[in-house]
Amino acid sequence: MEGQRWLPLEANPEVTNQFLKQLGLHPNWQFVDVYGMDPELLSMVPRPVCAVLLLFPITEKYEVFRTEEEEKIKSRGQDVTSSVYFMKQTISNACGTIGLIHAIANNKDKMHFESGSTLKKFLEESASMSPEERARYLENYDAIRVTHETSAHEGQTESSSPSSSQPHSSHCRTKASSLCHHASLPWVKRSHVGPAKATSPSLRLRRWRPFLRLPSLGLHSVAPNIDEKVDLHFIALVHVDGHLYELDGRKPFPINHGETSDETLLEDAIEVCKKFMERDPDELRFNAIALSAA
């Protein structure tokens, strides 16, 4: 992707919440970590949930699937309500910000905005635009770009793993707060600290902390270079008019994943996340955060 390139945004609730606060969103909704996929771990997420952001690796397997999915939908068609707010991505490393915009824009009626909110202004001004027009509008929206850059510098830890040397390039990076999966547990959180006790004997829950040099885990206390190619990408999963939509600015349109509700959104979104992980069973670099009522 040519053109503008932003510093990757961290997949970390503290960073995303501060970012949204700076854009004028009242903290009546906050992003929180999703520690795993089983019911016990999902029960730790405050309810209700109105959006889930998934960070995942762009791999050859995924790109093959994405092409096949797009061709299948173009051939068979799908129902997408006009109420869905969707925008394309034309800025490298902006997928975190676009994921946040997708999450908030499709739940605007639930949000409280501060007076003079930059995000509210952007959403109102872009409401009647096409997905492509919204992308171009963001390119020139300095107030969001500057806030993104500030938030990207908030977390100074970048993450890599043995598998992250793959040549695929995308638009975002996980730094602190990465999740991985193994054996009977779809994903666990890893850290320099020892495993915490959990309700299941097969479960280990660990937490990464920024600002520490941890070579053995592939962590470094420096911000990533803005020109560095990264192969991790954010998407948003939201509920609009009774259906679960996957919103990815790299794709030409929203993906309708079937029926959902305010009560079942988290569980339904996690089922979609599981499919991403099942397509790349050897990958460890997955992370999810949920937008929950504070």
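Numerical summary
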| quantity | calculated |
| --- | --- |
| Residues located in the range 91-128, provided they are open to solvent by 50 Å² or more (accessible area, probe 1.4 Å) and either charged (D, E, K, R) or closer than 25 Å to residue 3 by Cβ (or both) | 108, 109, 110, 114, 120, 121, 124, 125, 127, 128 |
| Hits in the range 71-90 (condition: farther than 29 Å from residue 3 by Cα and free of Cβ contacts under 8 Å to residues at least 60 places away in the same chain) | 72, 75, 76, 77, 82 |
| Residue that is farthest from residue 98 (Cα to Cα), among those in the range 132-170 that are modelled with pLDDT of 95 or more and among the basic types (Lys, Arg) | 136 |
| Scope the range 272-284; condition open to solvent by 20 Å² or more (accessible area, probe 1.4 Å) and in contact (Cβ under 8 Å) with a residue 12 or more places away in the chain; matching residues | 274, 279, 282, 284 |
| Filter result for residue 246 (at pLDDT 90 or above and surrounded by fewer than 16 Cβ atoms within 10 Å (Cβ to Cβ)) | no |
| Which numbered condition residue 282 fails, given (1) at pLDDT 95 or above; (2) in a loop (DSSP other than H, G, I, E, B) | (1) |
| Selection within the range 260-277 - part of a helix (DSSP H, G or I) and either closer than 16 Å to residue 235 by Cβ or of a type in the set (A, V, I, L, M, F, W, C) (or both) | 265, 266, 268, 269, 270, 271, 272, 273, 274, 275, 276, 277 |
| Residue satisfying all of: in the range 1-51; of a type in the set (Asp, Glu) and touching an Asp or Glu at 6+ places or on another chain (Cβ under 9 Å); surrounded by the most Cβ atoms within 10 Å (Cβ to Cβ) among these | 10 |
| Matching residues, the range 60-88, being more than 21 Å from residue 239 (Cα to Cα) and crowded, with 19+ Cβ neighbours inside 10 Å | 62 |
| Test set (1) modelled with pLDDT of 95 or more; (2) in contact with a strand residue (DSSP E or B) (Cβ under 9 Å, 6 or more places away or on another chain); (3) farther than 19 Å from residue 14 by Cα - residue 228 fails condition number | (1) |
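Here's the yes/no breakdown for (1) closer than 18 Å to residue 249 by Cβ; (2) out of contact with any Gly (no Cβ under 7 Å at 6 or more places or on another chain):
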{"site": "4", "(1), (2)": "yes, yes"}
{"site": "61", "(1), (2)": "no, yes"}
{"site": "66", "(1), (2)": "yes, yes"}
{"site": "97", "(1), (2)": "yes, yes"}
{"site": "117", "(1), (2)": "no, no"}
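The values are calculated or read from the model by the stated rules, or taken from the named source; none is laboratory data. From a predicted model like this one, the values you see are computed outputs, not experimental measurements. Quick reminder, even Gly has a Cβ in these numbers, built from the backbone with ideal geometry, and neighbours come from all protein chains shown. Accessible surface is based on the protein model in full, side chains and every heavy atom, while ligands, DNA and RNA are left aside. Shrake-Rupley method; radii C 1.70, N 1.55, O 1.52, S 1.80 Å.
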